[in-house]
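For reference, the structure is listed below as structure tokens.
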Amino acid sequence: MAIAELPLKIDVRTNGARSIRIALSGDLDLATAPAFASELAEACAAHPSHIVLDFTDLTFCDSSGVRVCIAGSQRCDASGVTLHIHGANERVRKVFDLLGLHEHFNWTNDTHAAGK
């Protein structure tokens, strides 16, 4: 299923009952964060063993996007779902680093972990 809300594209793929991959491309900001929040909440509600947020093609993320990631992480933790962030570029990662949240998330660049 793909949802296009300019300037953010959200692609959700289920890999059996165990894994859900949410790939974002474009800008994650105040205008696009609600669509991402909705998809992440729905994915967490499905209770997979893990969710991979694939940020490989994410070009921008502001505090609104970070807030969605934090809320999603908390929701996933409460449900026993592991949340990973895959492929974030330096610019996107720096936002998390500046907010002191780097250690709060599981980061990976492993293609297999991203469900590709």
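Shown in residue order for the range 63-70 are the 3J(HN,Hα) couplings computed by the Karplus curve 6.51 cos²θ - 1.76 cosθ + 1.60 at θ = phi - 60°: 5, 5, x, 4, 4, 5, 4, 5 Hz (x for Gly and Pro).
Extending 7 Å from the Cα toward the beta-carbon at both Arg67 and Arg18 defines two label points whose distance is 3.6 nm. Think of each Lys and Arg Cβ as +1 and each Asp and Glu Cβ as -1; about the Cα centre, that makes the dipole of the chain roughly 220 debye.
Using the Karplus relation 6.51 cos²θ - 1.76 cosθ + 1.60 with θ = phi - 60°, the per-residue 3J(HN,Hα) values for the range 7-12 come to x, 10, 10, 10, 10, 10 Hz, with x marking Gly and Pro.
What number, in percent, do you get for the relative contact order of the range 2-108 if the mean sequence gap of Cα pairs under 8 Å and at least 6 apart is divided by its residue count? Contact order relative to length: 24 percent. Residues Leu99, Leu83, Leu40, arranged from fewest to most other Cβ atoms within 10 angstrom of their Cβ, appear as Leu99, Leu83, Leu40. Dipole of the range 2-108 computed with +1 at Lys/Arg Cβ and -1 at Asp/Glu Cβ about the Cα centre; of Ala45, Ala33, Val92, farthest Cα towards the positive end is Ala45. In order along the range 85-98, the Karplus-derived 3J(HN,Hα) couplings, from 6.51 cos²θ - 1.76 cosθ + 1.60 at θ = phi - 60°, round to 10, 10, x, 5, 6, 4, 5, 5, 4, 4, 4, 5, 4, 5 Hz, and Gly and Pro are given as x. Under a 5 Å amide H cut-off, with hydrogens placed 1.01 Å from N, Cys61 pairs with Leu28 among residues at least 5 apart or on other chains. Extension gain, Ala45-Asp77: 0.36 nm per intervening residue step, less the Cα-Cα distance, totals 10.4 nm. For His86, nonlocal amide neighbours, meaning residues 5 or more places apart or on other chains whose placed amide H falls under 5 Å from its own, are Leu53, Asp54, Phe55, Thr108.
Each reported figure results from applying straightforward, stated rules to the coordinates on display, with no laboratory input. Everything numeric here is computed off the predicted structure, so don't read it as measured data. Cβ coordinates were reconstructed from backbone atoms using ideal geometry, including for glycine residues, and neighbour counts include every protein chain displayed.
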